[in-house]
Amino acid sequence: MSRIPKILFTGTFETGKSTLLNLFADDPRVLIIPETPRDLLKDNPALEVDPRFQDMIFEEQMKRELAAEEKAQKEGRRAILCDRGIVDIIAYSQVFDYELQDLWVEAAQERYDLGIIFSATDIPNYTNIPELGLDMKEYRTNIEVRVRTVLKDFGIPCVDLFGSIPQRKETVSLLIDEKIAFIEGSKNFLERRG
């Protein structure tokens, strides 16, 4: 069974990750894993203040990723696109001073082949929420810095994504092709050596 590359859409919130991901819904090369926290909160908004929320996200994310790997193999998909992942759980936990779980850190090891960072600097308008004491620009930037640190700590290569939606889609499509070629080329090379 060959390994299917997993590409992570990550970075701060409200930067167009889900919007761009949805543009690949009909792409036969890829299988998409939608954003887990968004889906969980859609079903139960009260979870956002539950102290176990990060653990719930982790458990559901792992289930989704394992199911996607199996489904991608069966359907002949050549890459998996994740709208957020374990990296984000770790980064957000650091931002909010939640205790990191060893299981999360262990699971993040060698899980993703590429992180595509949707940058806070690419957002023209920030809305502050004074009643919550949030400076959204600072908050978004802090999340992005944590995501970058986690990617670096785990040795996950990453690229920044900028530009219009069509430009972003073209860039991601090329990155998908590169990762597929790299994984399949490595597999072929090892089989020939074998």
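We did not get these values from a lab; they are worked out from the coordinates using the rules stated. Bear in mind the structure is a predicted one, so any value in this text is a computation, not a measurement. For neighbour counting, all protein chains shown are included, and Cβ atoms are generated from backbone atoms with ideal geometry for every residue, glycine included.
Hey, which of these cross-link pairs are over 18 Å Cα-Cα: Lys6/Lys179; Lys6/Lys63; Lys63/Lys152?
Lys63/Lys152
Quote the charge dipole size of the chain about the Cα centre in Debye, to the nearest 20; the model charges only the Cβ of Lys and Arg (+1) and of Asp and Glu (-1).
Roughly 840 debye for the chain.
Please grab the % of Cα pairs in the chain that end up more than 31 Å from each other.
Beyond 31 Å sits 17 percent of the P(r) for the chain.
Under 16 Å between alpha carbons, and skipping anything fewer than 8 positions from Lys137 in its own chain: which aspartates and glutamates qualify?
Qualifying aspartates and glutamates at Cα under 16 Å: Glu14, Asp122.
Treating region 64-121 as a set of equal point scatterers at the Cα positions, no solvent, please give the Debye-formula log₁₀ I(q)/I(0) at q = 0.30 Å⁻¹.
Normalising to I(0) and taking log10 leaves -1.28.
P(r) tail for region 1-59, what percent of Cα pairs lie past 19 Å?
44 percent
List the relative contact order of the chain as a percent without decimals, with contacts defined as Cα pairs under 8 Å and 6+ residues apart.
32 percent
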